[in-house]
Amino acid sequence: GNSVTQMEGPVTLSEEAFLTINCTYTATGYPSLFWYVQYPGEGLQLLLKATKADDKGSNKGFEATYRKETTSFHLEKGSVQVSDSAVYFCALLYNNNDMRFGAGTRLTVKP
Amino acid sequence: EAQVTQNPRYLITVTGKKLTVTCSQNMNHEYMSWYRQDPGLGLRQIYYSMNVEVTDKGDVPEGYKVSRKEKRNFPLILESPSPNQTSLYFCASSSGRGYQPQHFGDGTRLSIL
């Protein structure tokens, strides 16, 4: 079945460090891919998305590229801030109705 | 302001005592759903609703009920809660099934003793 696997956390970085959170997926066909972010005490919010191979989603300095050959959608940011501390979820949408979330990766950024 | 509102935010209760978690959205969305979030498992869908009076099971529906009598409300009912239903619950809504982004509530943390 369709599924998402993302790197286990927690991830702890210093401010201005480079961030990568790995995400790989399993799906037949061509799903849409998403990163959602959950700030403490809040619900999930859509961070970025990509709907086809080689698309790059970007928002708030975060980027992720849809790589069909490696079935990956890794999240990156060049310089993290304390305010980026949150839980990040990779997700896929297959056939426009089957939504799957990864387990989430907790990021803590220290000043 | 576009919102999905869940109540209560926190609840500690005992096994077998019926409880309801309410969810309301003000965006006139047709699609609503309930998820539970557990460590290491991410979000798993419990039930969803495509429109008024139309509901269907998600991946983990056992022990839960829902109803959709009005477009804006989608309550989650635990008729006889058990400790394995201790979790963080999220309600979400969107314009249609599969339509993104989904708008999430702030979550309800349930502890069943």
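What number, in percent, do you get for the relative contact order of chain B if the mean sequence gap of Cα pairs under 8 Å and at least 6 apart is divided by its residue count?
36 percent
What does the average come to when, for each residue of peptide B:97-107, you count the partner chain Cβ atoms lying within 10 Å of its Cβ?
6
Of all GluC sites (Glu not before Pro) in segment A:21-86, which ones are in loop regions per DSSP and have a Cβ with at most 16 other Cβ atoms within 10 Å?
Numbers: sites: A:E42, A:E63, A:E69, A:E76; in loops: A:E42, A:E69.
Those satisfying the criteria are A:E42, A:E69.
Is there a quick way to get the dipole size of chain A? I mean about its Cα centre, with the Cβ of Lys and Arg at +1 and of Asp and Glu at -1; what is the value in debye to the nearest 20?
160 debye
Under 8 Å for C-alpha pairs, at least 6 residues apart: give me the relative contact order for segment A:1-65, rounded to a whole percent.
22 percent
Mind checking how much accessible area B and A bury in total, 1.4 Å probe, in Å² rounded to 100?
About 1400 Å² of accessible surface is lost on pairing.
Over 27 Å between Cα atoms: which of B:K18/B:K71; A:K77/B:K57; A:K60/B:K65; A:K52/A:K77; A:K52/B:K71 fall into that group?
Check vs 27 Å cut-off fails for A:K77/B:K57; A:K60/B:K65; A:K52/B:K71.
Where does the charge balance sit around A:M99 when Lys and Arg score +1, Asp and Glu -1, over other residues with C-beta under 15 Å from its C-beta? Intermediate results must be reported in sequence, preceding the final value.
Working: positive: A:K49, A:R100, B:R36, B:R44, B:K57, B:R97; negative: A:D98, B:D56, B:D59.
With Lys, Arg at +1 and Asp, Glu at -1, the net is +3.
Would you work out the charge dipole size for segment B:31-113 about its Cα centre, treating the Cβ of every Lys and Arg as +1 and the Cβ of every Asp and Glu as -1, and quote it to the nearest 20 debye?
180 debye
Please compute the modelled spin-label separation between A:Y39 and A:N2, points set 7 Å along Cα→Cβ, answer in nm with one decimal.
For A:N2 paired with A:Y39, the spin-label model returns 2.9 nm.
Give me the distance between the Cα centres of segment B:75-93 and segment A:25-44, rounded to whole Å.
Value for the Cα centre distance between the two parts: 21 Å.
Of all accessible surface on the protein assembly as shown at a 1.4 Å probe, what whole percent is carbon and sulfur?
Carbon with sulfur: 47 percent of the solvent-accessible area.
Projecting each Cα onto the charge dipole of chain B (Lys/Arg +1, Asp/Glu -1 at the beta carbon, about the Cα centre), which of B:Q100, B:G42, B:T22 comes out farthest on the positive side?
B:T22
The values are calculated or read from the model by the stated rules, or taken from the named source; none is laboratory data. This is a predicted model, so every value here is computed, not measured. A quick note on method: Cβ atoms are made from the backbone with ideal geometry, for glycine too, and the neighbour counts reach across all protein chains shown. Heads up: the accessible areas ignore ligands, DNA and RNA and are worked out on the full protein's heavy atoms, side chains in. Shrake-Rupley method; radii C 1.70, N 1.55, O 1.52, S 1.80 Å.
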